[in-house]
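The values are calculated or read from the model by the stated rules, or taken from the named source; none is laboratory data. What you see is a predicted model; the values in this text were computed from it and never measured. Cβ coordinates were reconstructed from backbone atoms using ideal geometry, including for glycine residues, and neighbour counts include every protein chain displayed. Protein only, heavy atoms only, side chains kept; ligands, DNA and RNA dropped before computing areas. Shrake-Rupley method; radii C 1.70, N 1.55, O 1.52, S 1.80 Å.
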Amino acid sequence: MQENKETSTSELFYPSDEIIQNANIKEYDSLYQYSIENREKFWEEQAESLEWYKKWDQVLDSSNKPFYKWFVGAETNIIHNAIDRHLKTWRKNKLAIIWEGEPGDVKTYSYHGLNREVCKFANVLKSMGVKKGDIVTIYMPQIPELVIAMLAVVKIGAAHSVVYGGFSSESLASRIQDAKSKVLITADGGWRRGKITDLKKIANEAMSRSATIQSCITVRRTSQEVYMESGRDYWYHDLANHPVASNKCETEVMSSEDMLFILYTSGTTGKPKGLVHTHGGYSLYTSVTHKYIFDIKDDDRWWCAADPGWITGHSYLVYGPLINGTTIMMYEGAPNYPYPNRWWQIIEKYGVTVLYTSPTAIRGLMRFGEQWPERHDLSSLRLLGSVGEPINPEAWKWYHKVIGKEKCPIMDTWWQTETGGAMLSPLPITPLKPGSATKPFFGNELAVVDEAGNEVKPNEEGKLVIKAPWPGMARTILGDDQRYVDTYWNDYKAQGWYKAGDSAKVDQDGYFWVIGRIDDVIKVSGYRLGTAEIESALVSHPAISEAAAIGLPHELKGNAIHTYVILRNGFVGSEKLESELKEHVASEMGKFALPEKINFVEQLPKTRSGKIMRRVLKARALGQDEGDTSTLEE
Ligand code: PRX
């Protein structure tokens, strides 16, 4: 963090006059002040940018904290703002999605065309018995049908639970069960690094363990042979060609607070949390943050390179941009396939104006050298974005210089699955410090505090908290209100603050520097993994009796998973067993969870009450001071 401190005092990157003159928001301080002093009024005014079937009776209902409600009494459906209203304007014929498959195939949809496909898919879902209030699980590759399926589910009043296509059958099954989904939407496979993924096979395994599933709709993408169970499995193209799947479908009228989607994320216990987001507040928060932070204009070609299976994809690939009537770029495959210029080629070919990606992706592409981006004309870019983990100043500067040619400000946005949209972020007019997500977005008050809730001194490390509610916040954890309260709201109960689970600093200029997770969550290549999930995957292997997982710094991934295992009697640690265990974790959770290292140990540092002290393991691995070990029993 020394690096951060130095940066915070010495290096500032100022936006050009041209950027400031053209920005949607030209001044931060006064509007920010207004927005926190008149929070409800501010959001009410912003809400005028959306269309509502019926306006609210109350902007914010705080009567049952922390279960806040926004735009109470209002009627809406996010699809009305994301699609329907555009059809009444010239945007009807504007491109909504430009999609390129990894093999190079291209599909484009205007808002008119997107609406047609969404209506058709919605009618298919209705014919399968999907109703308002149901939760439909979606497990798909990055193809347009993934977005179309999400929108179709929501159009008819159901909620989606998108499970990222890299998850294992185990993870998919547990998420289907938690959501009690009756319908699963998947595809035969997808393309990744020139190979076909086994999506339907994994979905079949998951469904065999999920009693609630009655039917599965499969989109044909790769045309490989897949097993289809009669009476359960249907090809999407068969259903879509049936006369019931007409091109017209009414959008269901929803209450502002009705469930829009759930999205699972990792926490401190092994059981993933299904965070609930709702129609009204989320529509507003994603669209306003997208418009102001990325300075969205009608001629933009916006590329959020995240998978729609994560919150970044939900908020800034799908909903925020569609509500703003933006043209979205979408790409199916790996950034370095067939060559490390693939992304730069896409930017040049389609004239992408804003690129939003993760530090891991930037570091990964940086490794191949400047010669790859330099082969391409990237002059269409006017703004860049970063999300998912702290961006190290070196990667920031490469992104700024080599990709942005020193003319594109970088919007480093800090937020979480729970927050629905960006909470800390510069605007294009903000002087930037590499590695800092700068300041709170309008309406938000964030602080870095100690255990007691006192603000720590400038440049001192503390806990990041959010002091007031915002429209994009998750409303609860599906089926577990108590866990929602315990996880986020109990630490600062007296103050009523939300605990982010991150440590951070604020510098002398009020800039925030997020350092990383302080709970049992590890960010690996931007993926959010719970140590408990990794540990339970390990102990499900017959050789393991106990396991501990920690994250250690990694040049490309940000953090890598290091594990410590105690073997059962009769097993001996070996290289072969190490690779078997790594594969085992990957097959239990998904390839992105592949551990970097398995250490065979005799014992684990534990507290007297038997809790594994991961903090001690980490300090030892890094050769640092172990801190307070008075509770350690070894
Ligand atoms: O630790 C923070 C890190 O990602 C966590 C949230 O992960 P997830 O729910 O998967 O959402 C990621 C995409 C919004 C945070 O608690 N994080 C996210 N963005 C940043 C970040 N850390 C530092 N800087 C960021 N810009």
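Here is a check on your reading of the model: is residue 382 away from the ligand (no atom under 14 Å from the Cβ), crowded, with 18+ Cβ neighbours inside 10 Å and of a type in the set (Lys, Arg)? It would help to see each step written out before you state the result.
Working: away from the ligand (no atom under 14 Å from the Cβ): yes; crowded, with 18+ Cβ neighbours inside 10 Å: yes; of a type in the set (Lys, Arg): yes.
Yes: the conditions hold for residue 382.
Any residue in segment 307-327 that is of a type outside the set (A, V, I, L, M, F, W, C) sitting within a Cβ distance under 6 Å of a residue that is outside any loop (DSSP other than H, G, I, E, B) and open to solvent by 10 Å² or more (accessible area, probe 1.4 Å)? List the pairs, counting only those 6 or more apart or interchain.
So the pair list comes out as 312/387; 324/291; 325/91; 327/95; 327/301.
Search segment 394-411 for residues being open to solvent by 10 Å² or more (accessible area, probe 1.4 Å), outside any loop (DSSP other than H, G, I, E, B) and not hydrophobic (A, V, I, L, M, F, W, C), and hand back the single one that is farthest from the ligand (Cβ to nearest atom).
401
Restricting to strands (runs of 3 or more DSSP E) lying wholly in segment 218-287: which have 3 or more residues that are more than 29 Å from the chain's Cα centre (by Cα) and of a type in the set (Phe, Trp, Tyr)?
Working: elements: 233-235, 259-265, 273-278.
Output list is empty.
Could you list, in sequence order, all residues of segment 313-344 that are part of a helix (DSSP H, G or I) and either over 21 Å from the mean Cα position of the chain (by Cα) or of a type in the set (A, V, I, L, M, F, W, C) (or both)? Quick ask: steps written out before the conclusion?
If we filter segment 313-344 for residues that are part of a helix (DSSP H, G or I), which is where we start, we get 313-323, 342-344.
Residues satisfying the conditions are 317, 318, 322, 323, 342, 343, 344.
Report, by residue number, each residue of segment 241-277 that is of a type in the set (Lys, Arg) and in contact with a strand residue (DSSP E or B) (Cβ under 6 Å, 6 or more places away or on another chain).
The answer is 273, and nothing else.
Of all residues being among the polar types (S, T, N, Q) and not in a helix (DSSP H, G or I) in segment 520-542, which is farthest from the ligand (Cβ to nearest atom)? Just the residue, please. I'd like the intermediate steps shown before the answer.
The first filter runs over segment 520-542 and keeps only residues among the polar types (S, T, N, Q), leaving 525, 531, 536, 540.
Narrowing further to those that are not in a helix (DSSP H, G or I): 525, 540.
Details: 525: 11, 540: 24 Å.
Among those that are among the polar types (S, T, N, Q) and not in a helix (DSSP H, G or I), it is 540.
Quick one: which strands (runs of 3 or more DSSP E) lie wholly within segment 85-189 and hold at least 1 residues that are surrounded by 24 or more Cβ atoms within 10 Å (Cβ to Cβ)?
Numbers: elements: 95-100, 106-110, 135-139, 159-162, 183-187.
Correct list: 95-100, 135-139, 159-162, 183-187.
Scan segment 222-232 residue by residue and report those that are open to solvent by less than 40 Å² (accessible area, probe 1.4 Å) and touching a Phe, Trp or Tyr at 6+ places or on another chain (Cβ under 8 Å).
222
I need the full set of residues from segment 316-344 which are open to solvent by less than 10 Å² (accessible area, probe 1.4 Å), over 19 Å from residue 164 (Cβ atoms) and among the hydrophobic types (A, V, I, L, M, F, W, C), in order please.
Answer for segment 316-344, where residues must be open to solvent by less than 10 Å² (accessible area, probe 1.4 Å), over 19 Å from residue 164 (Cβ atoms) and among the hydrophobic types (A, V, I, L, M, F, W, C): 322, 323, 329, 344.
Is it the case that residue 313 is within 15 Å of residue 49 (Cβ to Cβ) and crowded, with 22+ Cβ neighbours inside 10 Å? Walk me through it before giving the result.
Details: within 15 Å of residue 49 (Cβ to Cβ): no; crowded, with 22+ Cβ neighbours inside 10 Å: yes.
So residue 313 does not fit the description; no.
Can you tell me which of (1) under 26 Å from the mean Cα position of the chain (by Cα); (2) open to solvent by less than 50 Å² (accessible area, probe 1.4 Å); (3) within 16 Å of the ligand (Cβ to nearest atom) is the one residue 507 doesn't meet?
Of (1) under 26 Å from the mean Cα position of the chain (by Cα); (2) open to solvent by less than 50 Å² (accessible area, probe 1.4 Å); (3) within 16 Å of the ligand (Cβ to nearest atom), only one is false for residue 507: (1).
Filter segment 441-450 down to residues that are open to solvent by 10 Å² or more (accessible area, probe 1.4 Å) and under 23 Å from the mean Cα position of the chain (by Cα) and give me whichever is farthest from the ligand (Cβ to nearest atom).
Applying the first criterion (open to solvent by 10 Å² or more (accessible area, probe 1.4 Å)) to segment 441-450 yields 445-446, 450.
This time we only want the ones that are under 23 Å from the mean Cα position of the chain (by Cα), so: 445-446.
Values: 445: 17, 446: 12 Å.
Step by step, filter segment 441-450, then rank; the result is 445.
Of everything in segment 345-363 that's closer than 25 Å to residue 221 by Cβ and over 23 Å from the mean Cα position of the chain (by Cα), which residue is least open to solvent (accessible area, probe 1.4 Å)?
350
Scanning segment 473-500 for residues that are in contact (Cβ under 8 Å) with a residue 40 or more places away in the chain and in a strand (DSSP E or B), which turns out nearest to the ligand (Cβ to nearest atom)?
500
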